[in-house]
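Enquirer: Okay, handing you the structure first.
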Amino acid sequence: MNNYLIIGSGLSGSVIAQQIVEKLNGKVLIIDKRNHIGGNCYDYIDKDTNILVNKYGPHFFHTNYEDVWEYINRFCEWERYEHIVLGNNNNKIFPIPPNISTINLLCNENISNEKEANEWLSNNKNNYNNIVNSEEMAKSRVGEQLYDIIFKNYTYKQWGLYPNELKPEVLKRIPIRNNFDNRYFSDKYQALPVKGYTHFINNILNNPNIEIKLNTDFFDFKKENNLDNYKSIIYTGPIDSYFSSEGYEKLEYRSLNIVFEKYYNMNYYQKTAQVNYTGLEKDYTRITEYKHCLNQISPHTIISKEYSCDKGEPYYPILNDRNINLYKKYQLLAENLKKENIHFIGRLANYKYFNMDQAIKNALDYFENHIKY
Ligand code: FAD
């Protein structure tokens, strides 16, 4: 008999499953309502072009956690990959995050070193006694000009709200560089799995004590199976769906409509893997060209355009007061089930945006602190 039930075969569920079989010698059944493993990290090779693409949007791994880096290297080969992003605003092209080149290009400056960049920033940044929204937050970091071209309309396209309608936290961490570094991430480890994320997660799950049932929704499964058979249940789906019978409202998410386009007999569509469209002249937020990742070879190319929307797959939690307070109520219900060995883990169950490294770290730590004993 399987003595652990895991709902969801994304990174969170897969890491927990691997730890249970390795450290507790347990048997695990993982169910997933989708027809594939890997959750939102799922990728596949497009048959027409032989290019590896991410079904749910591009994924770039980066981390400073030594333990996470060590962990992922147990399961597949990773290749160093430094992600470069360009911005496009009405055909003006510039590096993102903004660096000295961005300031020079967009503000007609001629800055050549860190000292001049720091001076420019301190002369151009807005000062506020008390920052009350994301517009002020962004202007306090990059000033009016860069805010208008890079952040104002892009944020509107992403969230359907202008920065002055969003809490300061949303744009709190926008990076600005006082040098020419044009890499998107500055983490110590930046890499891609050489054979893709599905291959990587398949290897995490490759153990005779892990059984996987796809196309299986938990809420149907529980009607036909006795959950008391399981020593522990680990749920990585949306927390509000689990407690739907409590009568609380639903948590809100921002979603994406990802539209793929194939171009036959075209070498490259754009210069880098990612171009962000920061103005209102295009409806989409970014275009990703997958061939740039891992220097894939094909006579053709594939891009995806991302359109932010309210409905669809739950991608980004909307962290306003309503949702934060509502999540706290769900969290209390979840906390009460811990003593019954029912655990809530991962980005949907925690109503939190996790990067992949954070999802792995969170699952490893949760296992050590709550499941192991
Ligand atoms: P998920 O991957 O969502 O897995 C949850 C699983 O549970 C799913 O497979 C789902 O089908 C299943 N499930 C849900 N409900 C049920 C149910 N009722 N019954 C059965 N199964 C169910 N991170 C980075 O580090 N770098 C990036 O570049 C990056 N890009 C991203 C781009 C986008 C568009 C998005 C949305 C996320 C990105 N991330 C990125 C974050 C990354 O996707 C997450 O860290 C990761 O997917 C979290 O894994 P998870 O297992 O917690 O959740």
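The values are calculated or read from the model by the stated rules, or taken from the named source; none is laboratory data. Everything numeric in this text was worked out from a predicted model, so none of it was measured. Cβ sites come from the backbone with ideal geometry, for glycine too, and all protein chains shown count toward neighbours. With ligands, DNA and RNA removed, areas are computed over all heavy atoms of the protein, side chains included. Shrake-Rupley method; radii C 1.70, N 1.55, O 1.52, S 1.80 Å.
Enquirer: S122 - would you say it is without any contact (Cβ under 8 Å) to a residue 24 or more places away in the chain, in a helix (DSSP H, G or I) and polar (S, T, N, Q)?
Expert: Numbers: without any contact (Cβ under 8 Å) to a residue 24 or more places away in the chain: yes; in a helix (DSSP H, G or I): yes; polar (S, T, N, Q): yes.
Judged against the criteria, S122 is a match.
Enquirer: Follow-up question, since we're still on this one. Checking L326 against (1) within 16 Å of the ligand (Cβ to nearest atom); (2) within 27 Å of L166 (Cα to Cα); (3) of a type outside the set (S, T, N, Q): exactly one of these is not met. Which one?
Expert: For L326, the failing item is (1).
Enquirer: Right, next: Provide a single number: the residues in the stretch 257-268 that are of a type in the set (S, T, N, Q) and assigned to a strand (DSSP E or B).
Expert: 1
Enquirer: Here is a further query. Within the stretch 189-246, can you find the residues that are crowded, with 19+ Cβ neighbours inside 10 Å, farther than 27 Å from I51 by Cα and within 23 Å of the chain's Cα centre (by Cα)?
Expert: Within the stretch 189-246, I234, Y235, T236, G237, P238, I239, D240, Y242 meet the criteria.
Enquirer: If you don't mind, another one. Please tell me if K271 is open to solvent by 30 Å² or more (accessible area, probe 1.4 Å), more than 20 Å from P98 (Cα to Cα) and assigned to a loop (DSSP other than H, G, I, E, B).
Expert: Values: open to solvent by 30 Å² or more (accessible area, probe 1.4 Å): yes; more than 20 Å from P98 (Cα to Cα): no; assigned to a loop (DSSP other than H, G, I, E, B): yes.
So K271 fails the test.
Every residue, every condition in (1) in contact with a Ser or Thr (Cβ under 6 Å, 6 or more places away or on another chain); (2) of a type in the set (D, E, K, R); (3) in a loop (DSSP other than H, G, I, E, B), yes or no:
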position: C293; (1), (2), (3): no, no, no
position: R347; (1), (2), (3): no, yes, yes
position: D357; (1), (2), (3): yes, yes, no
position: L364; (1), (2), (3): no, no, no
position: N369; (1), (2), (3): no, no, no
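Enquirer: Do you know which residues across the stretch 348-359 are near the ligand (Cβ under 8 Å from one of its atoms) and either in contact with an Asp or Glu (Cβ under 9 Å, 6 or more places away or on another chain) or under 17 Å from A17 (Cβ atoms) (or both)?
Expert: L348, A349, M356, D357, A359
Each row is one residue, and each column tells you yes or no for (1) open to solvent by less than 70 Å² (accessible area, probe 1.4 Å); (2) under 14 Å from the mean Cα position of the chain (by Cα).
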| site | (1), (2) |
| --- | --- |
| G312 | yes, no |
| Q331 | no, no |
| H343 | yes, no |
| Y353 | no, yes |
| H370 | no, no |
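Enquirer: Can you confirm whether the stretch 308-320 contains a residue that is among the small types (G, A, S) and touching a helix residue (DSSP H, G or I) at 6+ places or on another chain (Cβ under 8 Å)? Give the derivation first.
Expert: Step one: list which residues in the stretch 308-320 are among the small types (G, A, S), which gives 308, 312.
With touching a helix residue (DSSP H, G or I) at 6+ places or on another chain (Cβ under 8 Å) added as a condition, the list becomes 308.
Yes, there is a match, as at least one residue in the stretch 308-320 is among the small types (G, A, S) and touching a helix residue (DSSP H, G or I) at 6+ places or on another chain (Cβ under 8 Å).
Enquirer: Shifting gears a bit: Condition first: of a type in the set (A, V, I, L, M, F, W, C) and within 13 Å of the ligand (Cβ to nearest atom). Now tell me which residues in the stretch 329-347 satisfy that.
Expert: Looking only at the stretch 329-347, we keep the residues that are of a type in the set (A, V, I, L, M, F, W, C), and these are 332-334, 337, 342, 344-345.
Those that are of a type in the set (A, V, I, L, M, F, W, C) and within 13 Å of the ligand (Cβ to nearest atom): F344, I345.
Enquirer: Just to be sure before I move on: is G8 within 26 Å of I234 (Cα to Cα) and within 14 Å of the ligand (Cβ to nearest atom) in the structure I sent? Explain how you work it out, then say what you get.
Expert: Values: within 26 Å of I234 (Cα to Cα): yes; within 14 Å of the ligand (Cβ to nearest atom): yes.
Yes.
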